[in-house]
Each structure stands twice: as structure tokens, then as C-alpha cells.
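For reference, the structure discussed in these notes is given below.
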């Protein structure tokens, strides 16, 4: 069975590509992923069988050999630091909530800052 690394996989579009150890790029449809797997990160080692499809080589019966290492996990913030950040976010959202109860949305600049903070904290928690 050939093996290679996932070049990319887009779960929304339902496909990606594998760069085989032999140098051949192979189309990777979502239907070929193992049961319970909905997406793969780039760099994940996989083993697969190949069939010729309408547009060339296509991976079938994919088996994940070793998941790609998470770079974010190595840089995870300590829990004590995250607790302080979450407390600050709660205070920030309390202020937004007070404005909303008065019938006013935050202005565009403030809303963008709040959204950026929420995305950053979500990224830190999701590691």
C-alpha cells in the first residue's frame, strides 16, 4: 500500500490531496477517510490504496499512520494564566451586555476589538 503525507484537506469542500512518498499527488475525497475522521491536518502520515478516477489518481481506504504533531500544544499557556484571561473576558463581555440591555450595540471599532479578543481566547482554549 502506498503511503504519504497530507498536503492539505478542506473539510468544508470535502477533499484534499496526499503527496505520496513516490512524489505523486493523489486526490483525497472525504469519503475515503476512516470512520470517525472528518478532517486531516497537513503533514499527517497516511496509508492508502489508489484507484484511477475520472481526473486521475484517487486515494481509497485511507488509514492514518500518525497524526501531525500539534505545534500549538507545545505553546499552550499555563492554566493559571488562562484563568486570568478568562476573568478579563468576562468583565469585557459584562460591559457589552450592559450596553445591549440599554438597546445599544457597541460601535464598529469596539465590536471588532471584542471579536478579536474572543477569537484569540478561543484559539488558546481549543488547543
*State the number of residues belonging to region 113-127 that are surrounded by fewer than 11 Cβ atoms within 10 Å (Cβ to Cβ) and over 13 Å from residue 82 (Cα atoms).*
2
*asked:* Tally up the residues in region 1-22 that are under 18 Å from residue 65 (Cβ atoms), at pLDDT 90 or above and loosely packed, with under 14 Cβ neighbours inside 10 Å, please.
replied: 2
*Residues in region 67-75: is at least one surrounded by 13 or more Cβ atoms within 10 Å (Cβ to Cβ) and at pLDDT 90 or above?*
no
*Could you tell me which of the residues 54, 119, 76, 104 is closer than 18 Å to residue 15 by Cβ and out of contact with any strand residue (DSSP E or B) (no Cβ under 9 Å at 6 or more places or on another chain)?*
54
*Please work out which one of (1) surrounded by 11 or more Cβ atoms within 10 Å (Cβ to Cβ); (2) within 30 Å of residue 7 (Cα to Cα); (3) free of Cβ contacts under 8 Å to residues at least 12 places away in the same chain is the condition residue 47 fails and give its number.*
(3)
_Filter region 101-112 down to the residues that are surrounded by 12 or more Cβ atoms within 10 Å (Cβ to Cβ) and assigned to a helix (DSSP H, G or I) and list them by number._
110, 111
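The values are calculated or read from the model by the stated rules, or taken from the named source; none is laboratory data. Please read these numbers as outputs of a predicted model, since none were measured by experiment. Cβ atoms come from the backbone with ideal geometry, glycine included; neighbour counts cover every protein chain shown.
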